[in-house]
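The values are calculated or read from the model by the stated rules, or taken from the named source; none is laboratory data. Please read all numbers here as calculations on a predicted model, not as lab measurements. Positions of Cβ are generated from backbone atoms using ideal geometry, with glycine treated the same way; all protein chains shown enter the neighbour counts.
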Amino acid sequence: MPEPVKLLNAEQVAAFDVEYIDDSLFQHFNKAVNEFIKSPENLHLLDVGGGNGSYADRFLEHYAGSQVTIVEPDEAMLGKNNVHPNKHLRHGIFQKFNNSETFDLIQFNWVLHHFVTSGYSSTHQLQRQGLLDAYDMLAPGGLIIIFENFYEGKNDSNTPGKHIFHLTASKWLKKLTRRLGANTAGVGVCFNSAYHWQQQLQDVGFEVVHTSHCYNFGNLSLWKKCLLGIKRQRVGLLVGQKQIS
Ligand SMILES: C[S@@+](CC[C@H](N)C(=O)[O-])C[C@H]1O[C@@H](n2cnc3c(N)ncnc32)[C@H](O)[C@@H]1O
């Protein structure tokens with residue numbers, strides 16, 4: 001059993017009250033769903049860490065007749081959700097989410113890197129457990145959909161994510177990392193390479209059926225990039241499918 005998840009405080013979470021998915025990112029998602037779900041009507045999506053619900057609204061507008069359940073630990077973010085008859089809000093962490101139904105889609109939009117505990121390897125265990133739990137909650141043939149920031153070092157290594165985890169998780173360095181711009185200072189954040197996530201998905205039983213490169217990002221100075229071992233920072237989409245039978 002992995003160690004318990006560490007959560008950001010309300011002030012830190014408030015920084016995420018934005019809409020991350022624009023038309024172009026939604027098209028990446030849409031393409032994958034239409035390719036791998038035979039009849040994309042009346043879907044039930046679980047949006048893990050769905051925050052202010054703007055993504056759920058976009059999904060429901062596009063897939064009318066579908067349902068979205070959002071599981072979100074931050075009450076203030078949940079409170080920002082527009083009311084919709086097909087949107088179901090559940091307050092709490094994914095790790096304690098109990099649901100008797102299965103889902104057609106489970107989505108993690110920039111959430112998995114917040115699954116952190118006190119240590120780096122226990123954090124990876126917690127993230128892996130998150131993927132495993134998603135596998136169990138999906139209907140056969142269901143999709144796990146992950147939008148993430150990928151941090152990649154030399155040869156697609158996880159080195160930058162490891163450095164960022166240790167710096168942001170440290171209580172001693174909290175003041176410094178906050179001053180350097182880390183919103184997650186004192187709690188931690190654990191980014192990985194796309195390669196790492198794909199390995200983890202396969203390891204828990206998913207077939208990785210789709211990967212998209214969305215865009216490169218980053219405004220770190222050269223010295224910070226060198227220090228952290230960053231070769232590439234990019235946003236991408238990974239889609240895994242649960243076995244059909
Ligand atoms: C970077 S924000 C992304 C919000 C939203 N998914 C989006 O794309 O706009 C991360 C969200 O994950 C939530 N979160 C963090 N840890 C979580 C957990 N263990 N279970 C469920 N949600 C979590 C946070 O409260 C926050 O709303």
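Side notes on the structure shown:
- Selected residue [surrounded by fewer than 16 Cβ atoms within 10 Å (Cβ to Cβ), in contact (Cβ under 8 Å) with a residue 40 or more places away in the chain and not basic (K, R)] from E41, E61, E35, E19: E35
- Selected residue [surrounded by 19 or more Cβ atoms within 10 Å (Cβ to Cβ) and in contact with a His (Cβ under 6 Å, 6 or more places away or on another chain)] from F206, F191: F191
- Residues of region 9-22 satisfying the condition of being at pLDDT 90 or above and either aliphatic (A, V, I, L, M) or in contact with a His (Cβ under 9 Å, 6 or more places away or on another chain) (or both): A10, V13, A14, A15, I21
- Identification of helices (runs of 4 or more DSSP H) wholly contained in region 156-245 with 1 or more residues that are in contact with a helix residue (DSSP H, G or I) (Cβ under 8 Å, 6 or more places away or on another chain) and not aliphatic (A, V, I, L, M) yields 159-169, 174-179, 194-203.
- Selection count, region 35-70, where residues are touching a Gly at 6+ places or on another chain (Cβ under 6 Å) and under 19 Å from Y20 (Cβ atoms): 2
- Number of the exception - E35 against (1) within 19 Å of the chain's Cα centre (by Cα); (2) in a helix (DSSP H, G or I): (1)
- Selection within region 7-27 - within 17 Å of the chain's Cα centre (by Cα) and either assigned to a loop (DSSP other than H, G, I, E, B) or more than 10 Å from the ligand (Cβ to nearest atom) (or both): L7, L8, A15, F16, D17, V18, E19, Y20, I21, D22, F26
- You will find that of G79, G92, the residue that is among the small types (G, A, S) and either closer than 22 Å to E148 by Cα or in contact with a Ser or Thr (Cβ under 9 Å, 6 or more places away or on another chain) (or both) is G92 and no other.
- Yes/no for V48 being surrounded by 20 or more Cβ atoms within 10 Å (Cβ to Cβ) and near the ligand (Cβ under 8 Å from one of its atoms): yes
- Exclusive hit being without any contact (Cβ under 8 Å) to a residue 60 or more places away in the chain, within 16 Å of the ligand (Cβ to nearest atom), surrounded by 13 or more Cβ atoms within 10 Å (Cβ to Cβ) and polar (S, T, N, Q), set S66, S54: S54
- Between N81, N109, N149, N99, the distinction of being within 27 Å of N34 (Cβ to Cβ), modelled with pLDDT under 95, of a type outside the set (K, R) and within 15 Å of the ligand (Cβ to nearest atom) belongs to N99 only.
- Boolean, D133 is more than 19 Å from the chain's Cα centre (by Cα) and either within 22 Å of Q233 (Cα to Cα) or within 14 Å of the ligand (Cβ to nearest atom) (or both): no
- Flag if E41 is modelled with pLDDT of 95 or more and more than 12 Å from the ligand (Cβ to nearest atom): no
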